[in-house]
1. Report ³J(HN,Hα) in whole Hz for each residue of the range 87-93, in order, from the Karplus equation J = 6.51 cos²θ - 1.76 cosθ + 1.60 where θ = phi - 60°; Gly and Pro get x.
2. So what's the net charge close to Pro99: Lys and Arg +1, Asp and Glu -1, counting the other residues with Cβ under 15 Å from its Cβ?
3. If the label point is 7 Å along Cα→Cβ of Val43, which residues in the range 49-77 have backbone nitrogen under 20 Å from it?
4. Tell me, what HN-Hα J-couplings in whole Hz come from the Karplus equation 6.51 cos²θ - 1.76 cosθ + 1.60 at θ = phi - 60° for each residue of the range 37-44, using x for Gly and Pro?
5. For every other residue with a beta carbon closer than 15 angstrom to the beta carbon of Phe122, add +1 if it is Lys or Arg and -1 if Asp or Glu, then tell me the sum.
6. Which order do the peptides 146-154, 90-98 take when ranked by the mean count of other beta-carbon atoms within 10 Å per residue, highest first?
7. Tell me, what HN-Hα J-couplings in whole Hz come from the Karplus equation 6.51 cos²θ - 1.76 cosθ + 1.60 at θ = phi - 60° for each residue of the range 63-73, using x for Gly and Pro?
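Here, each number is a calculation from the coordinates, and none is a lab measurement. Quantities reported herein were computed from a predicted structural model and do not represent experimental measurements. Quick reminder, even Gly has a Cβ in these numbers, built from the backbone with ideal geometry, and neighbours come from all protein chains shown.
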Amino acid sequence: MSGKALGSAPARHDEATTLLYRLGFRGRSTLLKLAAVIAIEVVIVFGYVGHGAIDHYALHPMIAMASALPLFLLVRTLGFRLREELLISYFFLNFARFPDYLFEAGIEHQTWMNVFLLHLAFDEIIGWALVFLTVQVLVLGVAYVLMKLRDSRAQATSA
């Protein structure tokens with residue numbers, strides 16, 4: 001028999017756990033926040049489906065992330081660390097979606113929608129906006145993940 005204890009986890013699991021931690025996953029706390037966000041989003045998506053506006057629903061997370069990621073990158077570049085990217089991103093999402101909440105409440109919002117992360121401008125070109133924003137989010141998202149990994153690796157080696 002090898003020197004390894006029965007039932008011990010393979011080394012890859014430890015590496016995966018370390019990687020998740022380095023990316024910001026903090027166990028139960030992160031899971032609870034994520035579960036709350038998903039539960040709220042499931043309710044909201046049914047409202048958009050009821051209006052036949054699933055493309056409009058998809059537009060808001062793209063606008064939110066395209067707005068939040070440059071901020072996250074700037075903050076990291078300046079040497080600061082963020083811990084609540086999920087909640088900050090969800091704030092941006094709800095800020096981008098605010099005109100839709102007003103619409104649901106029966107409040108006219110067409111004349112000032114661009115205050116909320118260019119809501120009206122993107123509505124007018126929703127197909128192209130989704131393509132552009134998806135590419136932007138992918139590029140900036142990869143850049144942010146790589147920056148977080150680099151920073152956490154540098155912090156681990158200096159400790």
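1. In residue order, the calculated couplings are 5, 5, 4, 5, 4, 4, 4 Hz.
2. Numbers: positive: Arg97; negative: Asp100, Glu104, Glu108, Asp123, Glu124.
Cβ neighbours under 15 Å give a net charge of -4.
3. 49-54, 57-58, 60-61
4. The phi angles translate into 4, 5, 4, 5, 5, 4, 5, 5 Hz.
5. So the environment of Phe122 carries a net charge of -3.
6. On the way: 146-154: 13.2, 90-98: 19.2.
So the peptides 146-154, 90-98, ranked by packing, come out 90-98, 146-154.
7. Running phi through 6.51 cos²θ - 1.76 cosθ + 1.60 with θ = phi - 60° gives 4, 4, 5, 5, 8, 6, 4, x, 5, 4, 5 Hz.
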